Amino acid sequence: MSEEIVLLSVEDTVATVTLNHPATRNALSLELMRSLIDTFRALGERTDVHAIVLAAAGHVFSSGHDLKEVGCAEHPEQQEIFETCSELMLLIQEIPQPVIARVQGVATAAGCQLVATCDLAVASSEARFGTPGVRIGLFCSTPMVALSRAVDRKTALRMLLTGDMLSAEEALARGLVSDVAAPGELEDAAAALAARVAQASSATVAIGKRAFYEQIHLSTSDAYSRMSRVMADNAVMPDAREGIDAFLTKREPQWRGRS
């Protein structure tokens with residue numbers, strides 16, 4: 001991991017991963033994406049980390065792909081750029097810990113994709129979101145994957161076909177972000193949400209996150225069939241036994257978490 005472009009800190013059971021290249025508006029270069037992949041993969045193995053906040057330095061969360069890199073690349077390099085981006089997005093949803101985007105400014109194109117991919121997102125009331133690739137002849141096809149799974153179809157297509165931006169409040173109403181906070185309260189709001197998530201059994205949260213993405217694209221009947229098995233498996237795990245007993249005996253549970 002390059003400490004120059006990706007920073008990592010851990011406090012209690014919450015990790016903060018920071019995009020640290022404000023000079024490029026935190027553009028998702030190959031170097032930055034590979035650093036993020038290495039960071040998230042390592043965090044996914046850590047049992048002492050129960051939640052992750054994804055933040056960014058500077059005034060812009062992320063402007064998307066590095067257009068200087070994309071603009072001069074030949075087809076094999078283009079394929080590598082977009083496949084690496086897809087690997088990053090899939091990894092964020094595959095690791096056991098919930099990932100919470102902390103969006104302080106503009107998130108466009110693959111930067112908007114990054115927000116849409118995260119499990120939760122807290123945005124500053126000054127943040128804005130867009131997929132403006134159509135305006136420069138490069139349709140936001142990979143950002144579309146995450147965006148179309150986070151917001152309704154008409155909102156996604158309007159953003160993709162016009163390049164128009166959503167305000168933070170519009171993003172909240174459309175489901176692109178989960179919370180909006182005043183600029184001066186953003187860091188505390190994201191930290192509070194991460195701490196709330198981290199209070200639960202990490203083993204249970206890992207099961208739930210994996211199950212959510214597994215069932216969301218199944219038919220209703222297939223989802224019920226699969227989730228009935230998942231819930232039965234969950235119910236006999238130590239933390240479920242402990243949580244139920246703690247509830248019935250009116251005490252605080254003592255989680256084992258992921259081992």
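The values are calculated or read from the model by the stated rules, or taken from the named source; none is laboratory data. Everything quoted here is computed from the prediction, not taken from an experiment. Heads up, the Cβs are rebuilt from the backbone with ideal geometry, glycines too, and the neighbour counts pull from every protein chain shown.
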Open item on the list: Looking at LEU36 and the list (1) under 30 Å from GLN199 (Cα atoms); (2) free of Cβ contacts under 8 Å to residues at least 40 places away in the same chain, which single condition is not satisfied?
Closed with: (2)
Open item on the list: Give me the residue from the stretch 1-55 that is of a type in the set (Gly, Ala, Ser) and surrounded by fewer than 19 Cβ atoms within 10 Å (Cβ to Cβ) and, out of that set, nearest to the chain's Cα centre (by Cα).
Closed with: GLY44
TODO: Tell me, yes or no, whether the stretch 58-65 has at least one residue that is of a type in the set (S, T, N, Q) and in a strand (DSSP E or B).
DONE: yes
- [ ] Have a look at ILE216, ILE244, ILE207 and point out the one that is at negative phi, crowded, with 17+ Cβ neighbours inside 10 Å and outside the structural domain of ASP119 (by TED's automatic domain parsing).
- [x] ILE207
Open item on the list: Condition first: in contact with a helix residue (DSSP H, G or I) (Cβ under 8 Å, 6 or more places away or on another chain) and either touching a residue at least 40 places away in the same chain (Cβ under 8 Å) or closer than 20 Å to GLY44 by Cβ (or both). Now tell me which residues in the stretch 14-32 satisfy that.
Closed with: VAL14, ALA15, VAL17, LEU19, ASN26, ALA27, LEU28, SER29, LEU30
Open item on the list: Report every pair of residues separated by at least 6 positions or lying on different chains whose Cβ atoms are under 8 Å apart, first residue within the stretch 141-159 and farther than 20 Å from GLN78 by Cβ and outside the structural domain of ALA171 (by TED's automatic domain parsing), second at pLDDT below 95 and not acidic (Asp, Glu).
Closed with: none
